[in-house]
Amino acid sequence: MSSAVETPQITARPSRVRRGDRIFSGLAAGAGAIILALLAGVAIFLLIEGWPALTAAPEKIPGGDGLVSYIAPLAFGTVLAAGLALCIGAPLAVAVALFITHYAPKRIARSLAYLVDLLAAIPSIIYGLWGVAVLGPRSVDLQHWLADHLSFIPFFAGPASATGRTMLVVGFVLGLMILPIISAISREVLLQTPRALQEAALALGATRWEMIRMVVLPFGRSGIIAASMLGLGRALGETMAVAIILSVSGDVTFNLISSGNPSTIAANIALDFPESSGLAVNTLIASGLVLFGITLIVNTAARAVIERTERKRR
């Protein structure tokens, strides 16, 4: 008796699944293209509207010294305020993330994470009012102490401001504003550390801090850098808090506690744009183009650092 060998039939995957994949892929690619188009559109708008200021004679630019002399102090103040905010906010944010993920009891950690994330919902103008009405006046004694005892450091050369409306206060306020962004992303990155690696380090005799230093932080380094760059981007573009707090003189100085401070590009645009007309508007837009370039450079550099860190880890 001959037996027929049955061959299994291969059923094709339904075409609607493949169609769904194509639709989703197209939507994702379209979303990416839209983002690039918007970014290019913003850059083109800033370039077109700022071109009259870029080509104008120096004496026609507000201040009469040319566009570079007008924008340079603003760019310096922008980088100084954002860098100070990052130096203050990033270590504190990572410390908060580590406490929530590795030290606090689960019930406390959940509530604390919610409260930290809630800081991001506070409007920037509230931070500015708090800085000028509370933090600034209460930091006057500290700033005078810094001027009396640490004046050999250029950052605290003095004389100290009598009102507390200084770059140092702006740095603290901006640091607090970027803290929830950095902390939230760092917290999620640190939670992705493989549990087996942490337990192995502890089993080999490492203390909790040694385990965090040798396992958790190296694993989450790229994510922490990315979070810090997002926070830095927020600090670079912050407007109202800086405009409310800072006592502006236009000088280029590293002195953080004096009453003479350089403004930032965003704050200068917010304060001067309503009363500007003609070439003055083009000059403000040209300064916005510089801010756009600074942000682009910072994010590109951060991406390069992250990719290099990932390659070393592999």
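Each reported figure results from applying straightforward, stated rules to the coordinates on display, with no laboratory input. Please read these numbers as outputs of a predicted model, since none were measured by experiment. Positions of Cβ are backbone-derived with ideal geometry, glycine not excepted, and every protein chain shown enters the neighbour counts.
Table for the structure above
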item	result
Calculated diffusion of region 130-259, Stokes-Einstein form, Kirkwood radius summed over Cα pairs, 25 °C and 0.890 mPa s, µm²/s	143 µm²/s
Separation between Cα centres of region 228-271 and region 22-39, rounded to whole Å	35 Å
FRET efficiency for residue 27 and residue 299, using Cβ-Cβ distance with R0 set to 25 Å, rounded to 0.05	0.50
DSSP H segments from the chain that extend 20 Å or more along their own axis, Cα-based, with Kyte-Doolittle mean of 1.0 or above	15-55, 67-98, 167-191
Convex hull of Cα atoms in region 28-162, direction-averaged projection (nm²)	14.7 nm²
Relative contact order of region 76-313, pairs being alpha-carbon contacts under 8 Å that are 6 or more residues apart, as %	29 percent
Between region 108-126 and region 70-94, the Cα center-to-center distance that results, in Å	22 Å
Within a Gaussian network of the chain (alpha carbon springs, distance under 10 Å), most fluctuating of 274, 154, 262	274
Largest-first principal axis extents, alpha carbons of the chain, Å	106, 56, 34
Choice from 239, 207, 300 with maximal GNM fluctuation in the chain (Cα, 10 Å cutoff)	207
